[in-house]
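Undergrad: Let me give you the structure first, and then I'll get to my questions.
The values are calculated or read from the model by the stated rules, or taken from the named source; none is laboratory data. Only a predicted model underlies this, so the values are computations on that prediction, with no experimental measurement involved. All Cβ positions, glycine included, derive from the backbone under ideal geometry; neighbour counts span all protein chains shown. Accessible surface areas use protein heavy atoms only, side chains included; no ligands, DNA or RNA. Shrake-Rupley method; radii C 1.70, N 1.55, O 1.52, S 1.80 Å.
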Amino acid sequence: MTAQPPLTALPAWKALAEHYQQMRQRHLRQLFADDPRRGERLTVEAAGLYLDYSKHRVTDVTLGLLLRLAEECGLARRIDAMFRGEKINVTEQRAALHVALRAPKHERMLVDGMDAVAEVHAVLDRMAAFCDEVRSGRWRGHTGRPIRNIINIGIGGSDLGPVMAYEALRHYSGRDMTFRFVSNVDATDLVEATRDLDPEETLFIVCSKTFTTIETLTNAHSARVWCLRKLGDERAVRQHFVAVSTNREGVATFGIDPANTFGFWDWVGGRYSMDSAIGLSTMLAIGPEHFRDMLGGFHAMDVHFRTAPFERNLPVIMGLLAVWYGDFFDAQTVAVLPYDQYLKRFPAYLQQLTMESNGKHTTLDGTRIDYQTGPILWGEPGTNGQHSFYQLIHQGTKLVPCDFIAFCRSLNPLDGHHDLLMANVFAQAEALAFGRTAGEVEAEGTPASLVPHRVFEGNRPSSTILAERLTPAILGSLVALYEHSVFTQGVIWNIDSFDQWGVELGKTLAQRIAGELRGSSAAADAHDSSTTALIRRYVGSRGSAR
Ligand code: G6Q
């Protein structure tokens, strides 16, 4: 599977490099003028999402070459391998079978001879029963009070998905309950999340695949202290703590009832887990039915990704466009700009999904890479970004491809707001693509000295993703779209999109330094002179504050 010629030696890659020399000067104004139907032609629709990719710096030749590249990289074979549960996460020797998390009950997907789908549905049923208990008030705290507050404790993949989904689907959530998310080992996170809550009515979900993550365990222990300080009885842990983990022993050692532990599997990566039991807080917020609708949306996009021809395949097209800009135009970043306040945490969620998956410098067979891999992803909801960083996207010296995400119908229709919001999405994409020439600026009577400042070069590419309304199903489709686009990019770059070795060194050093800080003499001398001086300064300051 890994024996592939170097990417840059592939015929399609070479052809793209040559083709780029023609494309770098071509303007979107010309591409649109050449084909009056471009805006309808370069679109594709699936799983409730309409993608307009006409405002990209591509011609049919470009698209043809990108599709050839996908073929030469064996994308079809790799998609198949993922869906068949092969161990495509080669450095950890694991399958990456998150698609099984949303497969319908009747399907079968085997991992090491076990039917993953049957196991998924057994956990989903247990989650649903638990959520019904809590949501109905039948689940009682230690002193007999119903639960009104849910605090999810987790970090990385065990936090970003849950908090993003909660915010995104808030419209569908029970408003009589409070949801909070604690991730940072900075005590402020936990203290602020709990300060106005009553432990008698609070349930903690400790989300940790490994149940060894230092931030999560530190927060869970402090949460336990906070809870027991008022409830006074160790047995209260049973009613106030549940866990989501693959490490049942670790959970039991913490004192959480195994009956209140929801499992998942090593073939679910942290950043691909929001639709597993890691989504327990989501299900508590929106209820089991809406959660199943969300899974339905994920699945619809999975089916599309697996079966649609590549030239009509949303994740494939988006993935190939990312390669086109990153590797040929040398674009370093991509902006995701959701025009929906409920999606305010979506860019942060995608940041982990894309940057932890594809921020790699080694091919599957261990060769140092000599081309660009995953871009830096960033973004803020519109229209806020327009009054902040859009200046750079419009007139800066860097090329920043953008993804605009918008919905035809608002979930909170107030007179005039939604048309205004949508007018801004359309205007931004139009302005980026077509800009304003010096001639146009002059014709407006602009003083000559200001003309260069008021010119918009345009030719700045963007995708527009439109859906009818932000529903649980649409959120599922949207997340799956990005998951599979990230996978497509990883296949082209020949990297393992499912490991994350780059987070290890910092963890190891932090553990060592934490040990030194606990010791009386803070043995900092073993570090470089900068680290040593910083540690000394901290220890000195901490000492004088005591
Ligand atoms: C995600 C990563 C990482 C992980 C966290 C939390 O893909 O693996 O972000 O989710 O480090 O890990 P635990 O769930 O094991 O606490």
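Undergrad: Going by the alpha-carbon gyration tensor, a ≥ b ≥ c the square roots of its eigenvalues, is segment 213-262 rounded (a/c under 1.5) or, if a/c is not under 1.5, prolate (a/b greater than b/c) versus oblate?
TA: On the way: a/c = 2.44, a/b = 1.31, b/c = 1.86.
Here segment 213-262 falls in the oblate category.
Undergrad: Taking every pair of alpha-carbon atoms in the chain, what share in percent sits in each 10 Å bin, from 0 to the bin with the longest distance?
TA: Bins of 10 Å from zero give 3, 16, 25, 24, 18, 10, 3, 0 percent of pairs.
Undergrad: Another question about this same structure. Among 378, 501, what's the order by accessible area (1.4 angstrom probe), most exposed first?
TA: On the way: 378 60, 501 140 Å².
Order by accessible area, largest first: 501, 378.
Undergrad: Of 206, 455, 346, which is farthest towards the positive pole of the chain's charge dipole, taken about the Cα centre with +1 and -1 on the beta-carbons of Lys, Arg and Asp, Glu respectively?
TA: Most positive-ward Cα: 206.
Undergrad: Would you kindly find the accessible area of residue 512, with a 1.4 Å probe and non-protein molecules such as ligands, DNA and RNA excluded, rounding to the nearest 10 Å²?
TA: Roughly 100 Å² of residue 512 is accessible to a 1.4 Å probe.
Undergrad: What are the ³J(HN,Hα) couplings of segment 83-97, residue after residue, when phi is run through the Karplus curve with 6.51, -1.76, 1.60 and θ = phi - 60°? Round to Hz, x for glycine and proline.
TA: Values, residue by residue: 5, 8, x, 5, 7, 6, 7, 6, 6, 10, 6, 9, 6, 10, 10 Hz.
Undergrad: State the answer as a single residue: which of 394, 53, 260 lies farthest towards the positive end of the charge dipole of the chain, with beta carbon charges of +1 for Lys and Arg and -1 for Asp and Glu, about the Cα centre.
TA: Result: 260, furthest along the dipole toward the positive end.
Undergrad: Can I ask one more? Rolling a 1.4 angstrom probe over the protein chains, ignoring ligands and nucleic acids, what is the accessible area of residue 19 in square angstrom, nearest 10?
TA: 10 Å²
Undergrad: Along each of its three principal axes, how wide is the spread of alpha-carbon positions in segment 237-352, in whole angstrom units, largest first?
TA: 55, 31, 30
Undergrad: Answer rounded, prolate or oblate for segment 86-143, using the Cα gyration tensor with square roots of eigenvalues a ≥ b ≥ c: rounded when a/c is under 1.5, else prolate when a/b is larger than b/c, else oblate. It would help to have the intermediate numbers written out before the result.
TA: Numbers: a/c = 3.95, a/b = 2.27, b/c = 1.74.
Prolate is the answer for segment 86-143, as a/c is 1.5 or above and a/b outweighs b/c.
Undergrad: At a probe size of 1.4 Å, how large is the accessible area of residue 185, to the nearest 10 Å²?
TA: Surface accessible to solvent at residue 185 totals approximately 80 Å².
Undergrad: Compute the relative contact order of the chain as a whole-number percentage, counting only Cα pairs closer than 8 Å that sit 6 or more residues apart in sequence.
TA: Details: 892 pairs, mean separation 101.2, N = 546.
Reported relative contact order: 19 percent.
Undergrad: Continuing with the same structure: Would you mind working out the magnitude of the charge dipole of the chain relative to its Cα centre, with +1 at each Lys and Arg C-beta and -1 at each Asp and Glu C-beta, to the nearest 20 Debye?
TA: 820 debye
Undergrad: Can you list the HN-Hα couplings for segment 484-498, worked out from phi with the Karplus curve (6.51, -1.76, 1.60; θ = phi - 60°), rounded to whole Hz and with x for Gly and Pro?
TA: Calculated HN-Hα couplings, in order: 6, 5, 4, 5, 4, 4, x, 5, 4, 7, 6, 10, 8, 7, 10 Hz.
Undergrad: Sticking with this structure for a sec: Using a 1.4 angstrom probe on the protein heavy atoms only, could you order 440, 72 from most to least accessible area?
TA: On the way: 440 95, 72 60 Å².
The ranking, largest first, comes out as 440, 72.
Undergrad: Something else now. How much length is gained on full extension from residue 119 to residue 408, taking 0.36 nm per residue of separation minus their Cα-Cα distance? Provide the component values of the computation, followed by the final result.
TA: Numbers: separation 289, 0.36 × 289 = 104.04 nm, distance 3.73 nm.
This chain segment gains 100.3 nm when fully extended.
Undergrad: Of 131, 161, 116, whose Cα points farthest to the positive end of the dipole of segment 89-163 (charges on the beta-carbon: +1 Lys, Arg; -1 Asp, Glu; origin at the Cα centre)?
TA: The one lying farthest along the dipole's positive direction is 131.
Undergrad: Let me ask something additional. Size of the dipole of segment 268-345 about the Cα centre, Lys and Arg at +1 and Asp and Glu at -1 on the beta carbon, nothing else charged, in debye to 20? Don't skip to the answer; put the middle values down first.
TA: On the way: 6 positive and 8 negative charges, 30 e Å.
The calculated dipole for segment 268-345 is roughly 140 debye.
Undergrad: Run through the DSSP bridge list for the chain and note the antiparallel percent, rounded to the nearest 5. Intermediate values should be presented prior to the final figure.
TA: On the way: 13 of 43 bridges.
Bridges in the chain are about 30 percent antiparallel.
Undergrad: Now for a separate question. When only alpha-carbon atoms are used, what values of Rg and Dmax, in angstrom, describe segment 51-120?
TA: Considering segment 51-120 through its Cα atoms, Rg and Dmax are 16.7, 46 Å.
Undergrad: Viscosity 1.306 mPa s, temperature 10 °C: Stokes-Einstein D of segment 320-362 from its Kirkwood Cα radius, in µm² per second? Don't skip to the answer; put the middle values down first.
TA: Numbers: Rh = 11.8 Å.
Using the Kirkwood radius from Cα pairs, D works out to 134 µm²/s.
Undergrad: Output ³J(HN,Hα) for segment 267-281: one whole-Hz value per residue in order, computed from phi by the Karplus curve 6.51 cos²θ - 1.76 cosθ + 1.60 with θ = phi - 60°, and x for Gly and Pro.
TA: 8, 10, x, x, 7, 10, 10, 5, 9, 9, 4, 4, x, 4, 5
Undergrad: Would you mind pulling out the separation of the Cα centroids of segment 387-416 and segment 335-354, in Å?
TA: 12 Å
Undergrad: Could you sort 78, 148 by accessible area so the largest value comes first, with the probe set to 1.4 Å?
TA: Details: 78 10, 148 110 Å².
Highest to lowest solvent-accessible surface, that is 148, 78.
Undergrad: Further question on the same structure: What per residue convex hull volume, in Å³, do the alpha-carbon atoms of segment 280-404 yield? Before the final figure, lay out each step's value.
TA: Details: hull volume 18.6 nm³, N = 125.
So the per-residue Cα hull volume is 149 Å³.
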